[in-house]
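We did not get these values from a lab; they are worked out from the coordinates using the rules stated. What you are looking at is a predicted structure, and each value in this text was computed from that prediction instead of being measured. No Cβ is skipped: glycine too gets one built from the backbone with ideal geometry, and neighbour counts run over all protein chains shown.
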Amino acid sequence: MGNFEYKQIKSMPYYIFWGIATVAVVSGQIYMGKGYRRMADSVDRIVDGFVYEIEQNFKPDNYFLPAIPNPNDSPYKEPLWIE
């Protein structure tokens, strides 16, 4: 059972090379991800500034939207149907 033959024998430089390559790829992905996140944050700040300016330009000075509408301003008048 313990007497078997290796199909491939790899040397220590093989494992060192692939270990370094793996670390390089993973660190590059993390670096690019951080760069994209910073870019997205800066684009969000720019877009939010434009949206704020547009909202301020089109909003009247006495702008107020009540959370609960006044029931007396209902478009329906009593009775809704005739029996």
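3J(HN,Hα) along segment 3-8, derived from phi through the Karplus expression 6.51 cos²θ - 1.76 cosθ + 1.60 where θ = phi - 60°, amounts to 9, 9, 10, 6, 7, 9 Hz, with x in place of Gly and Pro. What shape does segment 5-48 have by the C-alpha gyration tensor, where a ≥ b ≥ c are the square roots of the eigenvalues, rounded means a/c under 1.5, and otherwise prolate means a/b greater than b/c and oblate the rest? Prolate, since a/c reaches 1.5 and a/b exceeds b/c.
Neighbour counts of C-beta atoms inside 10 Å place LYS7, LYS34 in the sequence LYS7, LYS34, starting with the fewest.
Phi angles of segment 26-43 translate, via the Karplus equation with coefficients 6.51, -1.76, 1.60 and θ = phi - 60°, into HN-Hα couplings of 5, 5, x, 5, 5, 4, 5, x, 5, x, 5, 5, 4, 5, 5, 5, 5, 5 Hz per residue; Gly and Pro are given as x.
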